[in-house]
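In what follows, a structure is listed as structure tokens, so that the remarks can point back to it.
Bear in mind that the values in this text are calculations on the coordinates, not laboratory data. As the structure is a computational prediction, the values presented were derived from the model and not from experiment. So basically every Cβ, Gly included, is an ideal-geometry build from the backbone, and we count neighbours across all protein chains shown.
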């Protein structure tokens with residue numbers, strides 16, 4: 001295998017390079033950037049989106065998408081806060097919250113395969129629905145969570161922040177599922193061609209539902225970390241986070257058209273987005289500029305990807321033309 | 001110990017398939033013995049693909065019996081029965097590795113832990129058995145067409161210990177790649193695998209096959225030993241003449257040139273030159289993928305090209321559809337459902353779509369239509385379109401009526417040049433004849449017609465001249481008095497990458 005092919009197989013390389021460049025620029029901008037505490041805080045800030053992005057990678061790799069994750073996040077937080085307030089039982093609240101997050105994710109998958117509606121429309125509908133359900137549940141109240149919940153968001157274990165540990169665990173599980181199991185391989189195959197996957201007798205429906213369920217449970221975990229960090233339920237939780245999550249996945253090197261993806265890339269993508277925030281912050285940029293920059297970065301990434309695909313197609317066409325000419 | 005008559009690997013009796021009441025394949029019966037290569041031949045649309053899909057288990061047959069190694073089965077299960085197929089459109093997963101593709105339907109290890117080393121080993125074994133060297137860690141998208149084909153065969157052979165079906169395996173291969181494939185087929189034959197070989201190329205069929213099964217219009221019209229059947233006889237069997245009763249009369253064309261094409265080239269064809277006179281029907285024959293549709297689309301301004309294109313003596317430089325329409329050119333697409341009709345809209349709107357400006361009312365500027373309904377009604381009657389009302393959605397019509405609506409849309413523009421791409425594809429016999437009459441009448445009225453068709457009898461009946469295209473080149477031209485069905489088909493279907501015969 002040539003070096004070029006070998007490198008092109010490492011699809012998270014571009015985002016890793018971009019992140020490295022961002023790190024160098026930021027350390028020039030501020031001497032405190034490269035400090036241990038600051039790098040740790042970058043990782044903690046990225047953990048919520050990074051965990052969600054790992055789940056989202058499985059969905060996007062099947063050529064799907066889930067824009068309801070922000071609403072699932074909100075619903076899970078609401079349910080947890082409400083149960084804690086009403087019953088005071090951690091066991092019950094944790095179990096219910098994570099179970100619900102998984103079920104809501106899986107429901108998206110079931111709707112998509114059962115009624116063959118495009119994922120974008122299906123999850124747009126459930127996005128509104130789940131958010132409404134959450135508001136209905138709490139009556140749009142702000143609910144504080146007990147102080148010891150803060151451990152999940154700000155605590156440390158063996159002097160490593162808990163969110164980073166959780167991210168590491170999710171990353172390890174995600175990598176294993178993606179690379180070592182049939183589910184991971186089938187998910188990529190389905191994203192390549194659902195038709196061929198059916199012809200090869202792969203369990204297309206099961207794998208699809210499982211991918212969306214995985215998106216749900218990672219969102220559930222992220223919701224609990226976020227809730228712990230914020231200290232209580234607020235009505236704005238999760239708004240717009242689906243954009244950041246999908247952006248992290250796409251920046252990471254996963255193709256929106258499906259079939260090709262990387263878990264590591266998605267995590268680095270989430271970190272990269274935090275670095276942009278960090279940099280703008282260091283430059284004292286107006287808070288309104290943040291979204292402009294992040295949106296542009298995503299657009300540039302997508303355009304670069306598209307251009308490379310177009311160039312590849314053009315190359316194939318030229319080869320074809322040359323062959324026709326040669327037979328003349 | 002050999003018995004005199006070995007058990008057939010696969011045999012079928014009276015196999016038939018109907019889709020929503022319409023029979024597409026009927027009366028297919030044959031037996032396939034170990035180590036045999038049987039060619040399945042027939043023109044486009046003769047039912048080869050449907051038959052193939054029933055044999056590899058993608059479609060359940062409507063009628064008939066399938067026996068695998070002497071046992072009657074209802075539906076073929078490739079994995080269980082040892083039957084594998086390589087389809088014309090490859091079904092590989094491009095971003096997965098070669099090893100992953102080969103093993104995907106039967107992965108070694110547990111579901112929760114794939115045994116990757118074993119997977120690679122199986123793939124390597126599979127490929128070594130075929131005598132080819134492909135890196136199994138390579139992504140499939142990085143391989144050339146020939147190697148992808150090999151991987152597809154290796155994938156099929158993982159299960160196809162008894163029967164391998166190859167559907168047009170050589171169309172995308174270069175000459176050396178094709179030779180390698182043939183060597184492979186011979187080796188499999190020696191190993192006792194029975195091969196069903198579907199190909200358009202007569203040379204290949206005569207080079208490789210022991211027996212043949214010939215299909216025409218969904219029926220099995222012949223079978224036998226290749227060695228006992230002269231090539232010409234087989235070709236005549238394939239072509240047949242089924243539309244004898246429906247002859248149309250052609251009037252001689254004028255001498256005035258309507259369209260001139262000089263040295264036209266693009267990604268899909270090379271150095272195409274021809275001209276069409278007023279009142280002339282110029283047919284283009286060729287196989288799928290020969291570049292016929294691409295030439296037709298280029299003439300309508302849909303694709304970029306190099307070379308010269310003249311309409312009525314005026315050179316068109318980088319024309320678009322709008323400019324071509326203004327010159328009175330129209331194009332009837334080959335794929336009416338995807339590129340032609342507006343499925344959910346009414347017959348009326350579909351008929352008026354190409355010439356809307358005629359109906360826009362002037363009273364309140366640009367508001368409302370006038371005369372659209374009466375015009376549509378007129379075309380429905382003129383083309384004998386059977387439809388309950390002109391407000392009916394066009395998708396609810398039969399194929400023949402849909403095609404007439406599309407034809408009506410373009411005739412409503414009063415064209416001077418008609419480019420017709422497969423005008424009777426998927427159309428019943430009655431509507432086909434009506435469309436033929438309409439085409440002849442168009443030519444008689446002085447319209448220049450370019451007729452692209454895979455239906456050879458149709459071309460022979462309707463054309464003044466026929467051009468034959470093969471892999472992007474014009475390889476032959478026939479005037480009406482020299483029409484020879486067998487020669488045309490053998491010219492169109494000579495091996496794609498062989499040197500042209502003198």
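Some points to look at:
- Derived value for the stretch A:45-149: Kirkwood hydrodynamic radius 14.6 Å. Basis is the mean of 1/r over every pair of different alpha-carbon atoms.
- Comparing Cα centroids, the stretch B:455-481 and the stretch B:53-92 end up 37 angstrom apart.
- For the protein assembly as shown, taking the reciprocal of the average inverse distance between every pair of different Cα atoms yields a Kirkwood hydrodynamic radius of 30.9 Å.
- Distance from the C-alpha centroid of the stretch A:243-302 to that of the stretch B:279-319: 47 Å, rounded to the whole angstrom.
- Axis of helix B:399-411 versus longest Cα principal axis of chain B: the two differ by about 40°, to the nearest ten degrees.
- The calculated 222 nm mean residue ellipticity attributable to helices in chain A amounts to -26000 deg cm²/dmol, summing -39500 (n - 2.57) over DSSP H runs of n ≥ 4 and dividing by all residues.
- The stretch B:156-205-the stretch A:41-96 distance, computed between alpha-carbon centres (Å): 53 Å
- Length gained when the stretch residue B:129-residue B:480 is fully extended (0.36 nm per residue, less Cα-Cα span): 121.2 nm
- A Gaussian network model of chain A, with springs between Cα atoms under 10 Å, assigns the largest mean-square fluctuation among A:215, A:132, A:258 to A:132.
- With the simple spin-label model, which puts each label point 7 Å out from Cα in the Cβ direction, the residue B:391 to residue A:311 separation comes to 5.6 nm.
- When only Cα pairs below 8 angstrom with a gap of at least 6 residues are kept, chain B shows a relative contact order of 15 percent.
- Evaluated at q = 0.05, 0.06, 0.08, 0.11 Å⁻¹, a Debye calculation over the C-alpha positions of chain B (equal weights, vacuum) places log10 I(q)/I(0) at -0.24, -0.34, -0.59, -1.03.
- Relative contact order of the stretch B:343-414, pairs being alpha-carbon contacts under 8 Å that are 6 or more residues apart, as %: 47 percent
- Using R0 = 51 Å, the C-beta based FRET efficiency linking residue B:487 and residue B:190 works out to 0.90.
- If R0 equals 25 Å, the separation of the Cβ atoms of residue A:38 and residue A:304 corresponds to a calculated FRET efficiency of about 0.30.
- Antiparallel DSSP beta bridges within chain B, percent to nearest 5: 55 percent
- On Cα atoms only, tilt of B:372-382 relative to the major axis of chain B in degrees: 70 degrees
- Spin-label pair residue A:92/residue B:321, simplified geometry with 7 Å Cα→Cβ offset, distance in nm: 6.4 nm
- The C-alpha atoms of chain B define a longest principal axis, and helix B:145-157 lies at about 50 degrees to it.
- The stretch A:230-298: C-alpha gyration tensor shape, a/c 1.5 cut-off, then a/b vs b/c: oblate
- Gaussian network model of chain A, springs between alpha carbon atoms under 10 Å - residue of A:169, A:264, A:110 with greatest fluctuation: A:169
- Counting only DSSP beta bridges whose two residues both lie in the protein assembly as shown, roughly 55 percent are antiparallel.
- Choice from A:95, A:187, A:134 with maximal GNM fluctuation in chain A (Cα, 10 Å cutoff): A:95
- Across chain A, the volume of the C-alpha convex hull divided among the residues equals 172 Å³ per residue.
- Our summary gives the stretch A:243-289 a relative contact order of 34 percent, counting only alpha carbon pairs under 8 angstrom and 6 or more residues apart.
- Mean residue ellipticity at 222 nm, helices only, chain B: -8500 deg cm²/dmol; runs of at least 4 DSSP H residues each add -39,500 (n - 2.57), and the sum is divided by the number of residues.
- Reciprocal of mean inverse Cα separation for the stretch A:287-328 (Kirkwood radius, Å): 12.7 Å
- Cβ-Cβ FRET estimate between residue B:255 and residue B:337, R0 fixed at 41 Å, reported to 0.05: 0.55
- Computed over the alpha carbons of the stretch B:343-414, Rg followed by Dmax gives 12.0, 38 Å.
- Shape descriptor for the stretch A:118-212: Rg over Rh equals 1.13 (Cα atoms; Rh from the Kirkwood inverse mean 1/r).
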